[in-house]
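Below you'll find the structure, written out as structure tokens, and then a few comments.
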Amino acid sequence: MTKFRLFACCMLTKGTQRSIICDLQRGDIYFITEALFEILTLYKNQDIKAIKKKYKNQHDEVIDEYFDFLIRNELGFFTNEINRFPGINLEWDFAGIVSNAIIEIDDIEIDSIFKIITQLNDIGGFVA
């Protein structure tokens, strides 16, 4: 049973018309079809033969091309031991109430800016 695993640093993002694989380690973005996004999400960790069977073997050549693209661009690998390669933990904890704030400055007085910064500091936001 040969299964495909994206490298943990490669994140999938679905768009309205097309999707991407973002390689966080290299800083590269690869546009992919909705069909490839579907294969990588709906049939994640499934055997390649099983994926082809889901499509009734009518698109075997296209599926092979998709996986060739992924291998050629070093976005993942084939393995028989998929559980040995966990993904990245994407949980993020922040002790404060506010993690980011954007202050739009137009015709604002300097006293107002200091008041805003003071209020952010008071509620636990970090102001640099």
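Yes/no per residue for (1) assigned by TED's automatic domain parsing to the domain that holds residue 68; (2) at positive phi; (3) touching a Pro at 6+ places or on another chain (Cβ under 8 Å):
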{"residue": "8", "(1), (2), (3)": "yes, no, yes"}
{"residue": "25", "(1), (2), (3)": "yes, no, no"}
{"residue": "29", "(1), (2), (3)": "yes, no, no"}
{"residue": "45", "(1), (2), (3)": "yes, yes, no"}
{"residue": "48", "(1), (2), (3)": "yes, no, no"}
The stretch 106-122: number of residues that are at pLDDT below 80 and exposed (fewer than 10 other Cβ atoms within 10 Å of the Cβ): 5
Scope the stretch 43-76; condition under 23 Å from residue 27 (Cα atoms), in a helix (DSSP H, G or I) and among the aliphatic types (A, V, I, L, M); matching residues: 70, 71
The stretch 1-20, subset of a type in the set (Ser, Thr, Tyr) and in contact with a strand residue (DSSP E or B) (Cβ under 6 Å, 6 or more places away or on another chain), residue surrounded by the most Cβ atoms within 10 Å (Cβ to Cβ): 19
Options 113, 88, 82: the member that is aliphatic (A, V, I, L, M) and without any contact (Cβ under 8 Å) to a residue 60 or more places away in the chain: 113
Those residues of the stretch 45-73 which are surrounded by 15 or more Cβ atoms within 10 Å (Cβ to Cβ) and under 24 Å from residue 90 (Cβ atoms), in sequence order: 46, 70
Pairs with Cβ under 8 Å, 6+ apart, first in the stretch 30-44 and closer than 12 Å to residue 65 by Cβ, second outside any helix (DSSP H, G or I) and among the hydrophobic types (A, V, I, L, M, F, W, C): 32/20; 32/21
Residue 27 vs. criteria at pLDDT 95 or above and under 22 Å from the mean Cα position of the chain (by Cα): yes
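The values are calculated or read from the model by the stated rules, or taken from the named source; none is laboratory data. Computed from a prediction, not measured in an experiment: that's the story for all the values here. Every residue, glycine as well, gets a Cβ built from its backbone with ideal geometry; the counts of neighbours run over all protein chains shown.
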